[in-house]
Amino acid sequence: MNIILLTKSRKSPLNLHLRRSTVLGLMSAALMTPLLFIATGYKLAQMNTRSDAMQVAAGGAREGGTVAQLGQLETVVRDAREGVNALTLRVGQLQARIIRLDALGKRLVEVANLDKGEFDFDHPPAQGGPAETSHLEPVKIPDFLKELDRLEQQLADREQQLTALESVLMSRTLQAEVFPTGRPVKKGWASSHFGYRTDPFTGKRAFHYGVDFAGVEGSDIISVAAGVVTYAGKKYGYGNLVEVDHGNGISTRYGHNKVILVKVGEKVEKGQVLAKMGSSGRSTGPHVHFEVLKNNKHVNPIRYVKAAAR
């Protein structure tokens, strides 16, 4: 291949003769140079892209670790809050049970007639002692939970024991309330006893089925036990009569009243005023004819009257 070069410094042209292989080499070099630049730029771009990706990945990893830690922290806080709520609920339940035990204790003190000053459920038990600071230890959570479980079990045991004791005392109190004791008058004296006597109207020997208590007309006639009124009205020989059923087959009668203050079906308490003393019916003066019946059979009322002094 011939190449002719024309220059100003030369009057005649310069003629270069190049071989075919040399021409091809120059052409290849001319073509490869841009390609090398392009390849080099592509590699550099790839390297930059990888570096950016690695930086992003590292940042994402750091951010992901922070998110995970925050999630763990939220879980711990939520578990702690639920634990505190559960403990608060248990403490509230224990407080409610203690309030019930206090109320039960007050009832037992009243039923058993104990000294309220000695058994005061409105104030905590008296405690004291010198302060000891050398052996103070912080309360550990497991120990606290065990102590809470032990306290809860103790409260359950005390509730059962005190409830059983209350049932026994209430049963005894109920029996004492419905068992006839004492006199049917607040003031007065026994003017005639149970058994054979001289009849005040006929002068003959006759059986007297009750005990007579004489007193001032209009004075109170009281029930000797709790019960239900089964009769309240006039009855031959008794005048104005009140009859009270006390259960267990026992009933009492109060005769010759001036005024009756109760009615049939009414529940009466021990010591409640049933009527006013009078002289109605077969009577020689103001008094109450007091009878006690057990399984519909008359018994001597004096044993019940004297039972109040035991």
Query raised in the report: Among the residues of the range 221-238, how many are surrounded by fewer than 19 Cβ atoms within 10 Å (Cβ to Cβ), closer than 26 Å to residue 177 by Cα and touching a residue at least 40 places away in the same chain (Cβ under 8 Å)?
Result: 1
Report task. Kindly indicate which of 206, 214 is without any contact (Cβ under 8 Å) to a residue 60 or more places away in the chain and surrounded by fewer than 23 Cβ atoms within 10 Å (Cβ to Cβ). Result -> 206
Query - Failed item, numbered, when residue 297 is tested on (1) under 46 Å from the mean Cα position of the chain (by Cα); (2) farther than 19 Å from residue 229 by Cβ - result: (1)
Report summary line: Exactly one of 260, 302 is touching a residue at least 12 places away in the same chain (Cβ under 8 Å), touching a strand residue (DSSP E or B) at 6+ places or on another chain (Cβ under 9 Å), assigned by TED's automatic domain parsing to the domain that holds residue 241 and surrounded by fewer than 18 Cβ atoms within 10 Å (Cβ to Cβ), and that residue is 302
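The values are calculated or read from the model by the stated rules, or taken from the named source; none is laboratory data. Just so we're clear, the structure is a prediction, and the values are computed from it rather than from any experiment. Ideal geometry is used to build each Cβ from the backbone, glycine not excepted, and the neighbour counts take in all protein chains shown.
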